[in-house]
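First comes the structure, then the notes that go with it.
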Amino acid sequence: MATAASVGSALDELATAAGGAAVEAGEGDAVAGVRPRYVATPGSTDEAAAVLRVAAARGLQVVVRGRGTALHWGVPPRGVDLVVGTERLDQVVEHVAGDLVCVVDAGTTIDALNAEAGRHGQQLALDQPVPGSSVAGAMATTRSGPRRLLYGTPRDLVLGITMVRPDGVVAKAGGKVVKNVAGYDIAKLLGGAYGTLGLVTRLVVRLHPLPPESRWMRSTLPLPEAASAALALTGSQLAPSAVEVRREAGADEADVLVLLEGTQRGVAARSDAAAGLLGQEAQVADVATADLARIDAEPADVVVKVAVPLTGVTAVLAAARDVEQGQQVRCRVQGSGGSGVLMAVLSGESVADVAAAVERLRAAATGGSAVVLQAPDDVRAHVDSWGPVGGLDLMRRVKDEFDPDHRFAPGRFVGGI
Ligand SMILES: Cc1cc2nc3c(=O)[nH]c(=O)nc-3n(C[C@H](O)[C@H](O)[C@H](O)COP(=O)(O)OP(=O)(O)OC[C@H]3O[C@@H](n4cnc5c(N)ncnc54)[C@H](O)[C@@H]3O)c2cc1C
């Protein structure tokens, strides 16, 4: 039982380690409803290592916080004593414009990085479903938006990392070149790990040039035609930067949107060809990529990330309509028809109907997956958040290697890892 004295001394030790930046946690520091005792915000990799050494010595359960834009997403941790915030790790360390590479501290927001890169006509080509996120937060959740089709996901854009292991040891992986080192790509392993293997303090990211011209084109088509048009656009020689499908709740149609980027003349020529694939309804769409990337979900909504082979998009759109038939459920779908990664936002009064809708979407995700990212507790109690996951034994062994005491984000990951 933590006594006032031990709390005091733990907090003192954390504060000493974090250059004075450690406090008792407040309501707002809860992680998916689980309240920690302390918050420490180290300002360097050395301070982060010192903080994690204190946490290891005291057996504290730790959750890493990026900018906290979606810390409530995912399965709640079994427990958390210490939240390690990265908001003081916010420097753009080095921008090597000639190599299209940038070294950045983990807590730097994508917006701040792009403000710097933009001065040199470059960008970290990552869309933000939840605005305001940190670079490491995006990597830790491998979240992506429309332009993942051309530029890839955070895993593809991270070339190197500096991390602190749960025992406080600093480790580096990768470097400043696209294919940097022989051996296991540890940087990619931490992509999508949700902070369960350690704390990333610094990243090397790959940048892309800002396109001189970009244009969205849109068409509204019946569901099956919409999926076919998305497939045709993705398989075409148009090299689209994004192919999105969006179905509003209750609709028998969906919008298909294609993003073309490049020179003015190139975009104009490709727009005509794209219009051919989008059908008579095709027109230039006055939309912002950031708006299309954003996932608008109320706290009571259920957000399901559905990943399918490209030909599986048809079934997901049909399932979205089916779950509304005779049920108290509404299902909106948005996402990359070109990558087969879609977000379904479910809303409804009946927990049973919403839970059944999750299973219906999962059944439609043949050869893919359907993961519940956000859900109120009563729904989460009735659904399997992750669904079937292969390779769990190997993942458990990886976890045991990185975090033998299972103190990092305990229970938040697949298989209850
Ligand atoms: C469990 C979960 C799953 C998500 N899945 C998706 C998705 O599939 N698609 C999507 O568009 N958005 C997803 N999001 C939302 C996405 O994370 C946010 O859009 C945004 O990227 C979060 O950035 P942030 O800086 O606010 O991080 P936070 O919300 O603070 O943290 C997000 C996650 O990243 C981890 N993390 C943050 N910083 C570090 C670091 N320096 N080192 C190690 N781990 C770190 C946290 O522990 C947490 O698990 C998910 C969020 C969570 C929590």
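What to note about this one:
Yes/no matrix, rows are residues, columns are (1) open to solvent by less than 30 Å² (accessible area, probe 1.4 Å); (2) outside any helix (DSSP H, G or I); (3) at pLDDT below 95; (4) touching a Pro at 6+ places or on another chain (Cβ under 9 Å):
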residue	(1), (2), (3), (4)
P211	no, yes, no, no
S214	no, yes, no, no
R218	no, yes, no, no
A239	no, yes, no, no
R246	no, yes, no, no
L260	yes, yes, no, yes
V313	yes, no, no, no
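- Selection count, region 355-378, where residues are over 23 Å from the mean Cα position of the chain (by Cα) and either within 15 Å of the ligand (Cβ to nearest atom) or not small (G, A, S) (or both): 2
- Check on Q91, closer than 20 Å to V200 by Cα, under 14 Å from the mean Cα position of the chain (by Cα), open to solvent by 10 Å² or more (accessible area, probe 1.4 Å) and within 14 Å of the ligand (Cβ to nearest atom): no
- Count of region 94-110 residues which are touching a residue at least 12 places away in the same chain (Cβ under 8 Å) and surrounded by fewer than 17 Cβ atoms within 10 Å (Cβ to Cβ): 3
- Among the candidates S385, S347, S336, residue that is modelled with pLDDT under 95 and either on the phi > 0 side of the Ramachandran plot or among the small types (G, A, S) (or both): S385
- Of the residues making up region 337-365, just one is surrounded by fewer than 20 Cβ atoms within 10 Å (Cβ to Cβ), part of a loop (DSSP other than H, G, I, E, B) and of a type outside the set (S, T, N, Q), namely E349.
- Count of residues meeting criterion [of a type outside the set (D, E), more than 9 Å from the ligand (Cβ to nearest atom) and not in a loop (DSSP other than H, G, I, E, B)] in region 124-158: 7
- Candidate set: region 120-138, residues that are under 18 Å from Q374 (Cα atoms) and of a type in the set (A, V, I, L, M); chosen: the one least open to solvent (accessible area, probe 1.4 Å): A138
- Scope region 366-401; condition closer than 21 Å to I295 by Cα and either among the acidic types (D, E) or part of a helix (DSSP H, G or I) (or both); matching residues: D377, V379, R380
The values are calculated or read from the model by the stated rules, or taken from the named source; none is laboratory data. Since the model is a prediction, treat every value here as computed from it, not as a measurement. For neighbour counting, all protein chains shown are included, and Cβ atoms are generated from backbone atoms with ideal geometry for every residue, glycine included. Surface accessibility is based on the protein's heavy atoms, side chains included, excluding ligands, DNA and RNA. Shrake-Rupley method; radii C 1.70, N 1.55, O 1.52, S 1.80 Å.
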